[in-house]
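Here is the structure we will look at, set down as structure tokens.
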Amino acid sequence: LIFFLGTYEQLRATGFLQLPHRSTLQQYASFTLIGTSFNPDVIEKYCNELKISTLPTHERICFIMFDEMIIKSGLVFSRSIGTIIGFTELGRVSDEIDSLERSLEKDRKKVRPLTTHVLSIMVRAFFNHFNFSIGFYATCSASAEQLFAIIWEAVGVMEMVGFNVYAFVCDGASANRKFFEMHKLEDGTNGFP
């Protein structure tokens, strides 16, 4: 949200940039509750805009892009959801495993780590002109195992609403390379000629 409304209004009044009114921004910002994981409201909105049920099969073919970006760490209280934001959140199972690991450590450090990265997951079409973000996770640099669970959940979500996921796209970070290695067959190949 905009923290310096006076500055925003001044910039808007100059006419140098065509910026929306504050009420329009508020409508966009309060469309759904923001949180980590996949947001069903956002996915439903895009599916309705695309009229997914009327698209031919080849226009439903898409790929999932994911990237982890460094962010500034810190805690913020969200009045809209009544919770503190800024701790890592990688989904219920990963969070429970992390909690168990922390409780078994010798120094008994039981505080959840602060988020240092955000893992963003997007969908883009091969034969259509859509691309949109379907979710994000607050991380401290996700491991390949965590990526595996998150990305395959993304595939399940997208295929449940009618898309056909054919590929993954990411950068060459070590966790991403290991994620792809996890998909190798027993003979060491990836199953393609």
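What follows draws every value from the coordinates through simple rules; no lab data is involved. All values derive from a computational prediction rather than experimental measurement. Neighbour counts run over all protein chains shown; Cβ positions are idealised from the backbone, glycine included.
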Added length on full extension, which subtracts the Cα-Cα distance from 0.36 nm per residue, residue 19 to residue 118 = 32.9 nm
Which of the peptides 41-52, 176-187, 116-127 is most tightly packed, and how do the rest follow, judged by the mean count of other Cβ atoms within 10 Å per residue?
-> 116-127, 41-52, 176-187
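For residue 49 and residue 143 in one chain, what is 0.36 nm times their gap in residues minus the Cα-Cα distance, to one decimal in nm? Write out the running numbers ahead of the final one.
On the way: separation 94, 0.36 × 94 = 33.84 nm, distance 3.41 nm.
Difference between extended and current length: 30.4 nm.
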